[in-house]
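What follows is one structure encoded as structure tokens, with my remarks underneath.
Each value in this text was obtained by applying a stated rule to the coordinates, not by laboratory testing. Small disclaimer: the values here were computed from a predicted structure and weren't measured. Because the Cβ atoms are built from the backbone with ideal geometry, glycine has one as well, and the counts that use them run over all protein chains shown.
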Amino acid sequence: MKHQWLGLLVLLALLGCSDRSAVPSAVKGELDALDWRYATDPHGSKAAVDGDLVQDGIARIAFTRVPRVDEQNNSWVELIYDLPAGSLGGYSSISLEYLSSSDLVVKLSQLEYGEQGDQSYAHYQTVLSAATDWRQVTLVLSDFERPDWTPATSIDHGIVAAHVNAIYLVPDLTDDAGGQASLSIRAIRLTE
């Protein structure tokens with residue numbers, strides 16, 4: 001009888017440990033549809049989604065980017081992962097499992113860069129190679145740099161993890177030519 005109770009207690013303890021619902025999806029790597037969205041410019045670029053953006057645990061999207069319109073009007077397409085905690089603060093790396101028909105730009109959306117920012121172009125990114133088979137990578141914050149188009153006069157704030165609220169995944173299509181690309185994300189994980 002004593003062994004039966006001990007076995008039951010061990011089983012209950014194991015079941016308690018396997019309850020991962022208290023762990024945020026960003027830490028587990030699972031995709032929560034509420035954290036994902038996409039955006040395109042108002043100049044004719046398009047996004048194609050077959051049903052919901054996230055289905056069966058995978059975010060899938062195809063983009064068509066038009067060439068840059070003129071000096072003041074750039075074209076763009078973006079798959080956006082809104083950080084569930086609203087910040088990258090406390091995390092030092094991002095693991096990503098993806099498919100992409102083109103090279104993939106991973107951008108950190110930092111408060112200082114946006115419309116309400118300080119015009120400092122506090123924008124940091126890295127480029128991953130195209131992948132026709134599932135590819136898993138882990139990026140540390142030091143992998144991200146300001147792009148070469150950043151004006152020399154702008155302030156380099158450095159990455160302020162607490163000010164990063166989203167990760168943008170962007171097919172590396174050129175301003176001059178535009179183009180088409182498909183992208184799938186199977187997992188994204190933040191680690192301390």
| request: Go through 153, 104, 90 and say which Cα lies farthest out towards the positive end of the charge dipole of the range 86-192; charges sit on Cβ, +1 for Lys and Arg, -1 for Asp and Glu. | output: 90
| field | Ellipsoid equivalent to the range 65-185 - semi-axes via the Cα gyration tensor, in Å | value | 22, 21, 12
| request: Rounded, prolate or oblate: pick one for the range 34-110, where a ≥ b ≥ c are the square roots of the eigenvalues of its C-alpha gyration tensor, a/c under 1.5 means rounded, and failing that, prolate if a/b is larger than b/c, else oblate. | output: oblate
